[in-house]
Amino acid sequence: MNLKKFDNDIFSIRLKHLRTLRGLTLEQLANEFSSYKGTVSSLENSKKNPSLYMIINLADYFDVSVDYLIGRTNDPSSHKDWLCSKYCQGGFK
């Protein structure tokens with residue numbers, strides 16, 4: 001099996017893009033997560049790796065998939081397609 005390395009650069013670019021798309025400052029986003037402006041800045045500048053907890057919560061906050069946030073897909077709404085394929089047609093599978 002080929003294990004893939006976490007690409008912090010893609011995560012950083014996408015986090016900054018999502019934050020600016022929402023019109024949030026570093027400080028505003030940090031406040032949403034009871035964090036510090038410097039922490040968000042470090043995440044956006046690839047100086048710090050996010051925890052799994054942070055990745056999941058950021059994905060939920062921005063309503064994108066974790067896979068999109070970490071660069072495994074270019075479709076930010078891929079989680080919605082998966083959910084609907086499992087639960088929209090005929091209930092739980």
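Evaluate the relative contact order of region 1-68 (contact order divided by residue number), counting alpha-carbon pairs under 8 angstrom at least 6 apart; express in whole percent.
Working: 36 pairs, mean separation 18.0, N = 68.
Computed over region 1-68, the figure is 26 percent.
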Projected label distance in nm at Lys4 and Leu52, using a 7 Å step from Cα toward the beta-carbon:
1.7
In whole Hz, what ³J(HN,Hα) sequence does region 39-44 give by Karplus (6.51, -1.76, 1.60; θ = phi - 60°), x for Gly and Pro?
5, 5, 4, 5, 5, 6
If one computes the Cα centroid of region 43-59 and of region 60-78, what distance in Å separates the two points?
13
Alpha-carbon Debye profile of region 1-69, log10 I(q)/I(0) at 0.15 Å⁻¹
-0.43
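Please give the net charge around Ser41, taking every other residue with its beta carbon less than 10 angstrom from that of Ser41, where Lys and Arg add +1 and Asp and Glu add -1. Each step should come with its number before you reach the end.
Values: positive: Lys16, Lys37, Lys47, Lys48; negative: Glu27, Glu44.
Value of the local net charge: +2.
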Note, Ser12: beta-carbon cut-off 13 Å, +1 each Lys/Arg, -1 each Asp/Glu, net +2
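Read-outs: derived from the displayed coordinates by stated rules, not from any lab. Because the structure is a prediction, the values reported are computed rather than measured. Neighbour counts run over all protein chains shown; Cβ positions are idealised from the backbone, glycine included.
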